[in-house]
Amino acid sequence: MRYPSPLLLPALLVSVVLSAGACSAEEFKSIFDGRTLDGWKALDMSYWSVRDGAITGQSTPEHPCTSNQFLVWQGGDVSDFEVKLKFRVTGNGCNSGVQFRSKIRPDGLAVGYQADIYQSGPYLGGVCDEMHSRKGPELLTGNGQRTVIDASGKRTATDLGTKATMKPSGEWNDYHITAKGRHITLRINGELCSELIDEEEGHSDLEGILGLQLRSGQPMTVQFKDIFLKQLSD
(Lines give C-alpha, C1' and ligand atoms only; values in the text may rest on other atoms or scores of the structure.)
Protein backbone atom coordinates (compact mmCIF):
# COMPACT_ATOMS: atom_id res chain seq x y z
CA MET A 1 0.00 0.00 0.00
CA ARG A 2 1.23 3.47 -0.86
CA TYR A 3 0.81 6.02 1.96
CA PRO A 4 0.38 9.79 1.41
CA SER A 5 3.33 12.03 1.96
CA PRO A 6 3.51 13.58 5.48
CA LEU A 7 3.40 16.97 3.77
CA LEU A 8 -0.06 16.16 2.41
CA LEU A 9 -1.57 15.01 5.72
CA PRO A 10 -2.59 18.48 7.05
CA ALA A 11 -4.36 19.26 3.79
CA LEU A 12 -6.11 15.90 3.84
CA LEU A 13 -7.25 16.44 7.43
CA VAL A 14 -8.62 19.89 6.58
CA SER A 15 -10.47 18.38 3.61
CA VAL A 16 -12.01 15.67 5.81
CA VAL A 17 -13.10 18.20 8.46
CA LEU A 18 -14.63 20.54 5.87
CA SER A 19 -16.45 17.66 4.19
CA ALA A 20 -17.86 16.48 7.51
CA GLY A 21 -19.01 20.02 8.32
CA ALA A 22 -20.68 20.36 4.94
CA CYS A 23 -22.59 17.11 5.41
CA SER A 24 -23.75 18.20 8.86
CA ALA A 25 -24.90 21.60 7.59
CA GLU A 26 -26.86 19.99 4.76
CA GLU A 27 -29.02 18.18 7.33
CA PHE A 28 -30.62 21.52 8.20
CA LYS A 29 -33.27 22.47 5.65
CA SER A 30 -34.56 26.00 5.11
CA ILE A 31 -38.32 26.20 5.73
CA PHE A 32 -38.77 29.88 4.87
CA ASP A 33 -37.88 31.23 1.42
CA GLY A 34 -37.23 34.79 2.60
CA ARG A 35 -39.75 36.29 0.16
CA THR A 36 -43.22 34.82 0.68
CA LEU A 37 -45.36 33.08 3.28
CA ASP A 38 -45.60 29.96 1.11
CA GLY A 39 -45.69 26.95 3.41
CA TRP A 40 -46.95 28.96 6.40
CA LYS A 41 -50.53 29.59 7.47
CA ALA A 42 -52.51 31.22 10.30
CA LEU A 43 -56.21 31.34 11.06
CA ASP A 44 -56.01 35.13 10.55
CA MET A 45 -53.34 36.03 7.99
CA SER A 46 -53.96 39.78 8.32
CA TYR A 47 -51.29 40.03 11.05
CA TRP A 48 -48.57 38.34 8.99
CA SER A 49 -46.37 39.49 6.10
CA VAL A 50 -42.80 39.32 4.81
CA ARG A 51 -40.67 42.40 5.44
CA ASP A 52 -36.90 42.88 5.36
CA GLY A 53 -36.58 39.25 4.25
CA ALA A 54 -38.29 38.10 7.46
CA ILE A 55 -41.63 36.68 8.52
CA THR A 56 -43.26 39.63 10.29
CA GLY A 57 -46.10 39.57 12.78
CA GLN A 58 -47.49 42.98 13.67
CA SER A 59 -50.30 44.50 15.69
CA THR A 60 -51.10 48.23 15.70
CA PRO A 61 -53.57 50.58 17.40
CA GLU A 62 -55.63 50.39 14.20
CA HIS A 63 -55.34 46.58 14.01
CA PRO A 64 -54.99 45.36 17.61
CA CYS A 65 -54.25 41.76 18.54
CA THR A 66 -56.79 40.66 21.16
CA SER A 67 -56.01 36.93 21.01
CA ASN A 68 -52.66 35.22 20.54
CA GLN A 69 -51.92 34.54 16.87
CA PHE A 70 -49.89 31.62 15.51
CA LEU A 71 -48.37 31.22 12.07
CA VAL A 72 -47.91 27.49 11.50
CA TRP A 73 -45.41 25.71 9.24
CA GLN A 74 -47.34 23.50 6.82
CA GLY A 75 -44.61 20.89 6.30
CA GLY A 76 -46.04 18.46 8.85
CA ASP A 77 -45.63 17.73 12.54
CA VAL A 78 -42.23 17.70 14.23
CA SER A 79 -41.15 15.20 16.87
CA ASP A 80 -37.39 14.90 17.46
CA PHE A 81 -35.79 17.92 15.80
CA GLU A 82 -33.54 20.97 15.90
CA VAL A 83 -34.56 24.44 14.76
CA LYS A 84 -32.23 27.38 14.24
CA LEU A 85 -33.60 30.85 13.48
CA LYS A 86 -33.05 34.54 14.00
CA PHE A 87 -35.58 36.84 15.68
CA ARG A 88 -36.05 40.44 16.75
CA VAL A 89 -39.00 42.06 18.47
CA THR A 90 -40.19 45.46 19.70
CA GLY A 91 -43.18 46.52 21.79
CA ASN A 92 -45.48 44.62 24.17
CA GLY A 93 -42.61 43.60 26.46
CA CYS A 94 -40.95 41.84 23.50
CA ASN A 95 -43.36 39.01 24.28
CA SER A 96 -43.43 36.26 21.65
CA GLY A 97 -42.27 32.68 21.15
CA VAL A 98 -41.74 29.64 18.97
CA GLN A 99 -44.42 26.99 19.38
CA PHE A 100 -43.41 23.34 18.91
CA ARG A 101 -44.84 19.85 19.38
CA SER A 102 -48.18 21.58 19.77
CA LYS A 103 -51.77 21.41 18.58
CA ILE A 104 -53.82 24.22 17.06
CA ARG A 105 -57.37 24.57 18.37
CA PRO A 106 -60.25 25.47 16.03
CA ASP A 107 -60.09 29.05 17.36
CA GLY A 108 -56.44 29.32 16.24
CA LEU A 109 -54.86 29.12 19.70
CA ALA A 110 -51.95 26.75 20.28
CA VAL A 111 -51.70 24.14 23.03
CA GLY A 112 -48.27 22.78 23.93
CA TYR A 113 -44.62 23.69 24.31
CA GLN A 114 -43.31 27.16 23.57
CA ALA A 115 -39.72 28.40 23.44
CA ASP A 116 -40.41 31.77 25.00
CA ILE A 117 -39.23 35.21 23.93
CA TYR A 118 -39.40 38.09 26.40
CA GLN A 119 -37.45 41.27 27.15
CA SER A 120 -35.63 39.75 30.16
CA GLY A 121 -36.12 37.61 33.25
CA PRO A 122 -37.11 33.93 33.62
CA TYR A 123 -39.38 33.84 30.56
CA LEU A 124 -36.63 34.81 28.12
CA GLY A 125 -35.34 31.48 26.82
CA GLY A 126 -37.66 29.50 29.08
CA VAL A 127 -39.95 26.62 28.09
CA CYS A 128 -43.64 27.40 28.59
CA ASP A 129 -46.67 25.16 28.35
CA GLU A 130 -49.10 27.28 26.35
CA MET A 131 -52.77 26.75 27.35
CA HIS A 132 -52.19 23.39 29.06
CA SER A 133 -53.75 22.74 32.43
CA ARG A 134 -51.01 21.49 34.76
CA LYS A 135 -50.60 21.41 38.51
CA GLY A 136 -47.84 24.02 38.33
CA PRO A 137 -47.36 27.31 36.49
CA GLU A 138 -47.12 27.46 32.69
CA LEU A 139 -43.39 28.26 32.86
CA LEU A 140 -41.93 24.75 32.97
CA THR A 141 -38.31 25.82 33.23
CA GLY A 142 -36.97 29.35 33.40
CA ASN A 143 -33.98 31.18 31.97
CA GLY A 144 -30.84 29.66 33.51
CA GLN A 145 -32.54 26.53 34.85
CA ARG A 146 -32.55 22.79 34.27
CA THR A 147 -35.88 21.33 35.35
CA VAL A 148 -36.93 17.71 35.69
CA ILE A 149 -40.68 17.01 35.91
CA ASP A 150 -41.47 13.51 37.16
CA ALA A 151 -44.50 11.40 36.23
CA SER A 152 -46.61 12.94 39.02
CA GLY A 153 -45.81 16.50 37.93
CA LYS A 154 -43.29 17.28 40.67
CA ARG A 155 -40.65 19.76 39.45
CA THR A 156 -37.01 19.83 40.50
CA ALA A 157 -34.98 22.80 39.22
CA THR A 158 -31.23 23.34 39.34
CA ASP A 159 -29.03 26.21 38.19
CA LEU A 160 -27.38 25.89 34.75
CA GLY A 161 -24.86 28.63 35.41
CA THR A 162 -25.65 30.38 32.11
CA LYS A 163 -28.52 32.66 31.07
CA ALA A 164 -29.88 34.22 27.90
CA THR A 165 -29.74 37.94 27.23
CA MET A 166 -31.31 39.87 24.38
CA LYS A 167 -29.18 41.95 22.04
CA PRO A 168 -29.93 45.70 21.80
CA SER A 169 -33.21 46.66 20.14
CA GLY A 170 -33.07 46.31 16.37
CA GLU A 171 -30.37 43.63 16.36
CA TRP A 172 -31.05 40.00 15.44
CA ASN A 173 -30.93 37.27 18.08
CA ASP A 174 -30.22 33.57 17.46
CA TYR A 175 -32.52 30.84 18.80
CA HIS A 176 -31.53 27.16 18.78
CA ILE A 177 -34.22 24.71 19.90
CA THR A 178 -33.53 20.99 20.34
CA ALA A 179 -36.12 18.39 21.29
CA LYS A 180 -35.31 14.69 21.50
CA GLY A 181 -37.66 12.40 23.35
CA ARG A 182 -38.58 14.07 26.63
CA HIS A 183 -35.42 16.19 26.66
CA ILE A 184 -35.60 19.81 25.45
CA THR A 185 -32.79 22.37 25.36
CA LEU A 186 -32.91 26.04 24.35
CA ARG A 187 -30.03 28.33 23.41
CA ILE A 188 -30.20 32.06 22.69
CA ASN A 189 -27.22 33.85 21.17
CA GLY A 190 -25.08 30.78 21.79
CA GLU A 191 -25.86 30.50 25.52
CA LEU A 192 -27.57 27.42 26.95
CA CYS A 193 -30.48 29.09 28.74
CA SER A 194 -32.87 26.30 29.68
CA GLU A 195 -33.15 22.54 29.77
CA LEU A 196 -36.26 20.46 30.41
CA ILE A 197 -36.85 16.78 31.02
CA ASP A 198 -40.61 16.32 31.06
CA GLU A 199 -41.91 12.95 32.29
CA GLU A 200 -45.32 14.17 33.47
CA GLU A 201 -48.01 11.69 32.45
CA GLY A 202 -50.67 13.09 30.15
CA HIS A 203 -48.85 16.36 29.54
CA SER A 204 -45.51 15.79 27.82
CA ASP A 205 -45.91 16.26 24.06
CA LEU A 206 -43.73 14.21 21.72
CA GLU A 207 -45.10 15.42 18.39
CA GLY A 208 -46.98 18.39 16.96
CA ILE A 209 -46.91 21.57 14.91
CA LEU A 210 -44.14 24.14 14.62
CA GLY A 211 -45.32 27.76 14.73
CA LEU A 212 -44.48 31.39 15.45
CA GLN A 213 -46.39 33.56 17.92
CA LEU A 214 -47.69 37.12 17.83
CA ARG A 215 -48.72 37.93 21.38
CA SER A 216 -51.97 39.67 22.21
CA GLY A 217 -51.85 42.99 24.02
CA GLN A 218 -50.06 46.22 23.26
CA PRO A 219 -48.92 47.00 19.68
CA MET A 220 -45.80 45.08 18.70
CA THR A 221 -43.70 43.79 15.83
CA VAL A 222 -41.89 40.44 15.81
CA GLN A 223 -39.74 39.13 12.97
CA PHE A 224 -38.22 35.72 12.20
CA LYS A 225 -35.75 34.82 9.46
CA ASP A 226 -33.12 32.23 8.45
CA ILE A 227 -35.35 29.42 9.73
CA PHE A 228 -33.70 26.00 9.44
CA LEU A 229 -35.11 22.64 10.56
CA LYS A 230 -33.31 19.34 11.06
CA GLN A 231 -35.40 16.24 11.74
CA LEU A 232 -33.59 13.88 14.10
CA SER A 233 -33.68 10.10 13.96
CA ASP A 234 -32.72 7.43 16.47
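The values are calculated or read from the model by the stated rules, or taken from the named source; none is laboratory data. These figures come from a predicted structure and were not determined experimentally. Neighbour counts run over all protein chains shown; Cβ positions are idealised from the backbone, glycine included.
General observations
- Checked against the criterion of being within 17 Å of Trp172 (Cα to Cα), touching a residue at least 12 places away in the same chain (Cβ under 8 Å) and either touching a His at 6+ places or on another chain (Cβ under 8 Å) or in a loop (DSSP other than H, G, I, E, B) (or both), the candidates Val83, Val98, Val50, Val89 yield just one match: Val83.
- Out of Ser96, Ser59, sole residue that is within 28 Å of Leu232 (Cα to Cα) and either modelled with pLDDT of 95 or more or surrounded by fewer than 19 Cβ atoms within 10 Å (Cβ to Cβ) (or both): Ser96
- Test for Arg187: is it in a loop (DSSP other than H, G, I, E, B) and either of a type in the set (Gly, Ala, Ser) or in contact with a strand residue (DSSP E or B) (Cβ under 9 Å, 6 or more places away or on another chain) (or both): no
- Looking only at region 146-160, and only at residues there that are in a loop (DSSP other than H, G, I, E, B) and among the small types (Gly, Ala, Ser), the one that is farthest from the chain's Cα centre (by Cα): Ser152
- Out of Lys163, Lys167, sole residue that is touching a residue at least 12 places away in the same chain (Cβ under 8 Å), more than 24 Å from Arg105 (Cβ to Cβ), touching a Gly at 6+ places or on another chain (Cβ under 9 Å) and not in a strand (DSSP E or B): Lys163
- Members of region 175-184 that are buried (at least 21 other Cβ atoms within 10 Å of the Cβ) and hydroxyl-bearing (Ser, Thr, Tyr): Tyr175
- Any hit, region 199-209, residues being outside any loop (DSSP other than H, G, I, E, B) and either surrounded by 15 or more Cβ atoms within 10 Å (Cβ to Cβ) or modelled with pLDDT of 95 or more (or both): yes
- Hey, Ile104 touching a Phe, Trp or Tyr at 6+ places or on another chain (Cβ under 9 Å), of a type in the set (Val, Ile, Thr) and modelled with pLDDT of 95 or more or not: no
- Exactly one residue among Gly190, Gly217 is surrounded by fewer than 20 Cβ atoms within 10 Å (Cβ to Cβ), at pLDDT 95 or above and in contact with a helix residue (DSSP H, G or I) (Cβ under 9 Å, 6 or more places away or on another chain), and that residue is Gly217.
- Restricting attention to region 220-233, the residues being closer than 15 Å to Glu27 by Cβ and either among the polar types (S, T, N, Q) or modelled with pLDDT under 95 (or both) number 3.
- Candidates are the residues of region 107-118 that are in a loop (DSSP other than H, G, I, E, B) and modelled with pLDDT under 95; the one that is farthest from Gly75 (Cα to Cα) is Asp107.
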